[in-house]
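First the structure, in the form of structure tokens, and then the observations on it.
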Amino acid sequence: MQVRAETVVEGQDLEVLHPLYLNAMAPLLTRAAARHVLTRAEFDEEMADPRITKVVVRDDDGHPCGLTTLTYDLTAVPWINPSYYWSRFPDAVARGALCYLGYIFVDPERRRSQALLLMASEIRRRLEAGRVVIGFDTCAYNDEHGIGRWAGWLFGPRSTVSGLDVQSYSVADYRHGRLPADPPYPRQVAADDLRLVSLAERPDLVDEIGALLSSRWPMFMLAGHPGHDEQLDALVAGAPEHQVVAVDAEDRVRGVAFSLPLDWDGTPEDLPAGWDDAVTRAADLQRSGRRATAATALSITVASDASRRGLAVRLVRALRELTAESGVPALIAPVRPVLKQHYPLVDMADYLTWLGDDGEAFDPWLRTHLRFGARVLGVAAASMTITGTTEDWRGWVDDPLPGSGRYVVPGGLAPLAVQDGRGTYVEPNVWVVHDVEPRAV
């Protein structure tokens, strides 16, 4: 994939992008009080307006699959009052560094690919280089389900995202007398208030799952080139009964656990080399159509407002149950110890020897698995490999990386190695196995 800024989009590209735009904006037709969706004529006019920059992501064949619009000429945005922004950010205006974001969308079939990450990285690079002030607006629906949820991730740690103005749309309803006010939604979500469903039951949650992953994992783990050659989203979609999703009363995704069936003979010697190799083995099994002999956990992710509420424990238990229901006797997991990121220079084997005051494992995530009766089978020293250009890594970790060497990066369990314009991150994990009682299938 490639991403570049264009001033005019025309011809066949318009015919590809307009349906994607309509698909992305469709929920706002009935969920936003203000009109957000452009007519076809308005869309074409924006695509032809050179004042509006179009950041376009194209696939390897050159076909557009994502678009972001922004402009430094605020008079090109008919629904805002430019004077409001000019009066508040005169220094940015003087530098030509005040702009406005129009909309951002990707092809639904590419939402779990690198398209959004590539586009976000390019936008962030431009904004950071120019020390830009960028305005944007969201309705309540998008605050909850769209850009409002991941504005901090989109704009990065070098920006401060803050609200400016509010416009309320209200009604005075005389139909039934006074209606009771809805209680405010709790700031923290209790695990017992969440329902667990499989992706087989709720395939419509894929987009929400992608947003959760983007909000909780380091960018390099999602955007970098992995140490395997598989399409992970296709693998997960091919085994939906092995994926567990936690949703709240408002049907929002608050947690997700991924696993895949694979071959393993039960011995430490036959373990995959690590996370990357587990993905490769699972893909080989899925393509062959053979019966699995085990399952591997890939990741468990919990939303920030549902953390420390026991949801991770429920998700581990759910993966164990799904493994047993699939008829295999073991769930293996390349565990990513949650506190290891604070000790990236410590060897993983040494880290495993650390104990808390209670004599249990020092790391709380490893401790969670062990309390289920899981057994540690060893360290996967090169479990996951992520590579990219040095320029890519600068954006992913918000560090200038001025020369070759080893760098401690946010969220990394081990240092990043930079050499000859490339960055390579090799992460160690801990192999554990959950023995389960298989059920007849």
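Every read-out reported here was derived from the displayed coordinates using simple, explicitly stated rules and does not represent laboratory data. Quick caveat: nothing in here was measured; it's all calculated off a predicted structure. We place every Cβ from the backbone using ideal geometry, glycine too, and count neighbours over all the protein chains shown.
A few notes on this one:
- At q = 0.09, 0.16, 0.17 Å⁻¹, base-10 log of I(q)/I(0) for the stretch 2-155 (Debye sum, equal scatterers on each alpha carbon): -0.28, -0.94, -1.07
- Nearest-0.05 FRET efficiency for His18 and Tyr84, computed from C-beta distance (R0 25 Å): 0.25
- Surrounding net charge for Tyr85, when Lys and Arg each add one and Asp and Glu each subtract one, Cβ distance under 13 Å: -3
- Projected label distance in nm at Leu370 and Arg195, using a 7 Å step from Cα toward the beta-carbon: 3.7
- Normalised by the number of residues in the chain, the average gap of Cα pairs under 8 Å and 6 or more apart makes the relative contact order 12 percent.
- Extents of the stretch 312-404, largest first, come to 49, 36, 22 Å (Cα atoms, principal axes, whole angstrom).
- Working value for the stretch 18-109: equivalent-ellipsoid semi-axes of 26, 18, 11 Å, each the square root of 5 times a Cα gyration tensor eigenvalue, largest first.
- Residue-span extension gain [Ala5 to Thr160] - 0.36 nm each, minus C-alpha spacing: 53.4 nm
- In the stretch 234-344, one over the average inverse separation of all distinct C-alpha pairs is 14.9 Å, which is the Kirkwood hydrodynamic radius.
- All-pairs alpha carbon distance profile, the chain, 20 Å steps from 0, percent: 22, 53, 24, 2
- Taken along the Cα-to-beta-carbon direction at a fixed 7 Å, the label points for Gln419 and Arg287 span 3.0 nm.
- Whether the stretch 191-435 is rounded, prolate or oblate, judged on the alpha carbon gyration tensor where a/c under 1.5 counts as rounded: rounded
- Within-12-Å neighbourhood charge of Ala330 [Cβ basis; K, R +1; D, E -1]: -3
- Cut-off under 5 Å, modelled amide H: who pairs with Val328 long-range: Arg439
- Applying the Karplus relation 6.51 cos²θ - 1.76 cosθ + 1.60 with θ = phi - 60° to the stretch 368-375 yields 3J(HN,Hα) values of 4, 5, 5, 5, 7, x, 5, 10 Hz, where x marks Gly and Pro.
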